[in-house]
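Below is one structure; the comments refer to it alone.
Laboratory data are not the source of any read-out in this text; all were calculated from the coordinates shown. Note that the coordinates shown come from a computational prediction; the quantities given were computed from them, not determined experimentally. Cβ atoms come from the backbone with ideal geometry, glycine included; neighbour counts cover every protein chain shown.
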């Protein structure tokens, strides 16, 4: 095994900084020390993100590389501008808009977005993402082991839920699922092109096992949507001459589908009752049900958008009472759920779907801008990219496209970090070999 010194000599310092920082980025805040500086809470994950950004800044010496991917950076910059401008818009237009709080959130959102150009600069040469990929899969395996122990009741969990159901590991349900999905799609990349060594075969085996089991234990359908999108993209864009490789990808996806349906069988049954496809309510009036609550929160987000279609209510404003308050009564008439399922000052749930929230917060421009920041890198990578970064970058972004169905526009979380890390990888796939030589 190569020593850190030899790796640093061969790859440079920045790829090792990226690899070492990843475990802190993919760790729930409850397990991190933090320091409060005024309104700002600084966690270890924030420092890890800053370290990656600074490492990328030290590597950003090839302006030509950035010019070749200008479409990615235009779509990326548009989202940055919208977040900042709509934070100012909320402060100016709505008296109840908590401007200082949302300004801090906007700044942290933009800090996490800086991961994209940082990773792009670090990954400008092939092979520099290998340490990060190994660490990500190893961390996914550790998270899966913890999640399995929680499932069997051997250790406690963040949600204080009994054994035998979905578990959050040391990330949280949806972030755990996204990390597992990221590991799984890395296995897809190796499987579809074929392993080049015994090390790669072991890497793919660990990635596949931790990915499948982790996604099942986490039990998040949004990450499953992302994996399905990623698998379709890989199958369509890869140049596979052996159909059995794609069949193996399909088997892995099917295993995740069956496992999640089993572990979330009660939630699925409640969802079918909510849709009228099964009889009964499943106690909807006395117990908060996941999909009913998500539907009612999305309904409120949609009502906010319809009331403010042009400019929205400001970044993160949809989670404030001045925005959601006028629509809670209508939601209570439409949805059968206990009082705590509805947003209130005591329970500021937010919209909990980034796509709906982008409309509620930013108005009609929000959804196209947010989607462009995610999908333009996918299109650029698949159309013009090469090597493993082409499929890996596009697939990882698509995992995030699915995962954002389970979150609002929340910053400082693993899915936010994974999103912009993946965008950077997708963009790096386009850089030609002639521009990746050292100065």
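Here are the numbers:
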item	result
Inter-site label distance for residue 286 and residue 84 at 7 Å from Cα along Cβ, in nm	5.3
Centroid-to-centroid separation of the range 381-403 and the range 20-51 [C-alpha atoms, Å]	27
Simple label model, 7 Å out from Cα along Cβ direction - residue 254 to residue 332, nm	4.9
Förster-model FRET efficiency, 25 Å R0, residue 339 and residue 261, C-beta, rounded to 0.05	0.25
Most fluctuating residue given options 12, 147, 314, as computed from a GNM of the chain linking Cα atoms under 10 Å	12
FRET efficiency for residue 67 and residue 107, using Cβ-Cβ distance with R0 set to 41 Å, rounded to 0.05	0.90
Rg/Rh (Cα only; Kirkwood hydrodynamic radius) as it applies to the range 85-128	1.30
As computed over the range 7-151, the Cα convex hull volume per residue (Å³)	155
Selected from 27, 18, 248 as most flexible by GNM, with the chain as the system and alpha-carbon contacts under 10 Å	248
Scaled radius of gyration (Cα, divided by 2.2 N^0.38 Å) that the range 131-224 gives	1.08
In degrees, nearest ten, helix 366-384 long axis to first principal axis of the chain (Cα)	20
Helix 198-218 vs. the chain, principal-axis angle (Cα, 0 to 90°, nearest 10)	0
Debye intensity ratio I(q)/I(0), log10, the range 229-360, q values 0.16, 0.19, 0.21 Å⁻¹ (C-alpha model)	-0.87, -1.00, -1.10
Paramagnetic reach from residue 278 in the range 149-164 [backbone N under 20 Å; point 7 Å along Cα→Cβ]	164
Global geometry of the range 169-290, whether rounded, prolate or oblate, following the gyration tensor of its Cα atoms and the 1.5 cut on a/c	prolate
Label-point separation in nm, residue 57 to residue 386, each point 7 Å along Cα→Cβ	3.2
Alpha-carbon radius of gyration plus Dmax, which is the widest Cα pair, for the range 284-397 in Å	17.5, 54
Centre separation in Å (Cα based) which lies between the range 78-101 and the range 145-174	37
Helix-derived mean residue ellipticity, 222 nm - over the chain, DSSP H n ≥ 4, -39500 (n - 2.57), to 500	-22000 deg cm²/dmol
Exposure proxy order (Cβ contacts within 10 Å, fewest to most) of 273, 332	332, 273
Radius of gyration and Dmax over the Cα atoms of the chain, both given in Å	21.6, 68
For 59, 340, order by how many other beta-carbon atoms lie within 10 Å, fewest first	340, 59
Cα coordinate range in the range 109-177, projected on the principal axes (Å, largest first)	46, 27, 13
For the chain, built as a Gaussian network whose Cα springs stay under 10 Å, the top-fluctuating residue of 363, 164, 219	164
Rg(Cα)/(2.2 N^0.38 Å) for the range 344-425, N = residue count	1.20
Neighbour-count ranking [beta-carbon atoms within 10 angstrom, fewest first] of 94, 203	94, 203
Pairwise Cα inverse-distance average, inverted: Kirkwood Rh of the range 26-109 (Å)	15.5
C-alpha long axis of helix 387-403 to longest principal axis of the chain, angle in °	10
